[in-house]
Amino acid sequence: MTGAKGATRRDVMTAAAALALAGFGLRPRPLFAATGLPLGELEVSVLSDGHLTLPMDFVLPQTTKEEIEALFAPHGLPTDALKPPLNVTLLRGGDRLILFDAGSGPRFQDTAGALPSALEAAGIDPSEVTDVVFTHCHPDHLWGVLDDFDEPLFAEATHWMPQDEWAYWRDEGTLAATPEARKSFVVGAQNRLAAIEDFVTLVRPGDELPLGIEALATFGHTPGHTSYVIHGGGDSLLVTGDALTNHLFSFERPDWPSGTDQDPQMGAATRKSLLERIATDRMRIVGYHLPEPGIGTAERKDGAYRFVPAA
Ligand SMILES: [Zn+2]
């Protein structure tokens with residue numbers, strides 16, 4: 001868990017490096033995105049696994065440059081690529097220490113895989129994690145289950161896996177049915193799922209997990225994609241996973257087909273019904289790729305929605 005890459009990352013996070021970066025007007029990405037938000041007796045934190053770089057024509061392959069420009073330019077955001085953060089939710093309550101998704105691990109993108117460093121900075125040994133609850137099996141959510149030596153990182157934890165997700169990625173026909181550019185996602189998932197098989201407990205929509213966590217089917221991004229509602233103190237927080245991936249187009253143009261959704265039509269339908277529920281119930285959400293720390297809500301706007309970050 002303390003391989004060369006982790007040490008390098010920690011070096012980068014030293015105060016001296018931070019000051020040097022500050023001198024150039026840059027700021028290092030925080031290991032903590034947010035800490036200690038109370039939810040009744042429970043406590044929610046968000047840890048950073050770093051960020052990804054995704055070309056825009058991969059993210060929105062069916063949307064014209066002009067449409068993308070019109071949505072992004074007023075926010076001063078580049079339109080050639082996205083650099084989405086990776087927000088890993090950590091829930092404490094009773095004798096449980098629960099992670100939602102496991103980050104990217106050491107073999108996906110160089111700017112990702114920071115979760116072990118973030119846990120260390122939080123004073124948490126991976127062996128203390130009692131549960132890892134998965135939304136889906138894309139690399140940035142699953143591949144962090146293995147450490148630098150390809151050993152299970154959370155060896156004491158129950159790994160809660162959506163049943164339909166488990167079935168899809170383990171199916172012998174999935175690799176052949178997957179386009180060439182994404183076959184590495186399938187091989188990568190199959191290797192990781194085989195390595196954690198002994199720790200896996202399957203989850204179905206409507207199931208109740210430890211601490212009363214409720215599993216909610218949000219299929220489309222992947223065949224078994226699942227979001228989770230954390231209930232505490234008469235309040236709730238929805239861990240959306242990748243049902244909502246971007247603070248602009250997922251909310252303001254939920255109808256746009258997403259290149260990262262494996263079923264773009266179902267993904268769009270799921271997005272719209274989820275946004276409607278969030279806006280109606282004024283639900284707080286935490287989004288894996290929404291601006292750090294990913295916490296906020298959705299409001300109705302111009303026939304669609306807008307993301308409102310938490311104050
Ligand atoms: Zn995903």
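The values are calculated or read from the model by the stated rules, or taken from the named source; none is laboratory data. For clarity, every value in this text was computed on a predicted model and none was experimentally measured. A quick note on method: Cβ atoms are made from the backbone with ideal geometry, for glycine too, and the neighbour counts reach across all protein chains shown. Ligands, DNA and RNA are stripped out before the accessible areas are found, and what is left, the full protein with its side chains, is counted by its heavy atoms. Shrake-Rupley method; radii C 1.70, N 1.55, O 1.52, S 1.80 Å.
Taking the DSSP beta bridges in the chain as the whole, what percent of them are antiparallel, to the nearest 5? Could the numbers behind the result be given before it?
Numbers: 39 of 53 bridges.
Counting only bridges with both partners in the chain, antiparallel ones make up about 75 percent.
For segment 169-311, what does the equivalent ellipsoid look like in terms of its semi-axes, each the square root of 5 times an eigenvalue of the Cα gyration tensor, given largest first in whole Å?
Values: eigenvalues 150, 83, 30 Å².
After diagonalising the Cα gyration tensor, the semi-axes are 27, 20, 12 Å.
Take each uninterrupted DSSP H stretch in the chain, measure its Cα extent along the helix axis, and return the ones at 15 Å or beyond whose mean Kyte-Doolittle hydropathy is at least 0.5.
Working: long enough: 183-196 (20 Å, 0.59); 264-281 (25 Å, -0.46).
Correct list, ordered by number: 183-196.
As an exercise, identify the GluC sites (Glu not before Pro) in segment 153-225 lying in DSSP coil whose Cβ has no more than 16 other Cβ atoms within 10 Å.
Working: sites: GLU156, GLU165, GLU172, GLU180, GLU197, GLU208, GLU214; in loops: GLU156, GLU172.
Hits after loop and neighbour filter: GLU156, GLU172.
Considering only protein heavy atoms, what is the solvent-accessible area of PHE58 at a probe of 1.4 Å, reported in Å² to the nearest 10?
Here the residue's solvent-accessible area equals roughly 60 Å².
222 nm [θ] for the chain, helices only, -39500 (n - 2.57) per DSSP H run of 4+, per residue, to 500? Intermediate values should be presented prior to the final figure.
Working: 11 runs with 89 residues, N = 311.
So the calculated ellipticity at 222 nm is -7500 deg cm²/dmol.
What is the packing order of peptides 78-84, 104-110, 223-229, taking the mean over residues of other C-beta atoms within 10 Å and listing the highest first? Show your work: numbers first, answer last.
Working: 78-84: 14.9, 104-110: 19.0, 223-229: 24.0.
With the highest mean Cβ count within 10 Å placed first, the list reads 223-229, 104-110, 78-84.
Work from the charge dipole of the chain (Cβ charges, +1 for Lys and Arg, -1 for Asp and Glu, about the Cα centre) and give the residue of PRO291, SER117, LEU237 farthest towards its positive end.
Going by the Cα projections, it comes out as PRO291.
Among residues other than LEU42 whose Cβ falls under 14 Å from its Cβ, what is the net charge (Lys/Arg +1, Asp/Glu -1)? Write down the numbers at each step before the final one.
Values: positive: ARG92, ARG96, ARG284; negative: GLU41, GLU43, ASP95, ASP131, GLU214, ASP235.
That works out to -3.
Averaged per residue, what accessible surface does segment 183-274 expose to a 1.4 Å probe, in Å²?
On the way: 3290 Å² over 92 residues.
Counting only protein heavy atoms, the per-residue value for segment 183-274 is 36 Å².
Which of rounded, prolate or oblate describes the chain when judged by the alpha-carbon gyration tensor and an a/c cut-off of 1.5? Provide the component values of the computation, followed by the final result.
On the way: a/c = 1.19, a/b = 1.09, b/c = 1.09.
It is rounded, given that a/c, with a ≥ b ≥ c, falls under 1.5.
Using just the C-alpha positions of segment 81-198 as equal point scatterers, what log10 of I(q)/I(0) does the Debye formula give at each q in 0.10, 0.13, 0.15, 0.17 1/Å?
Log10 of I(q)/I(0), two decimals: -0.29, -0.50, -0.66, -0.84.
Share of the chain's accessible area from carbon and sulfur, percent, 1.4 Å?
C and S fraction of accessible area: 53 percent.
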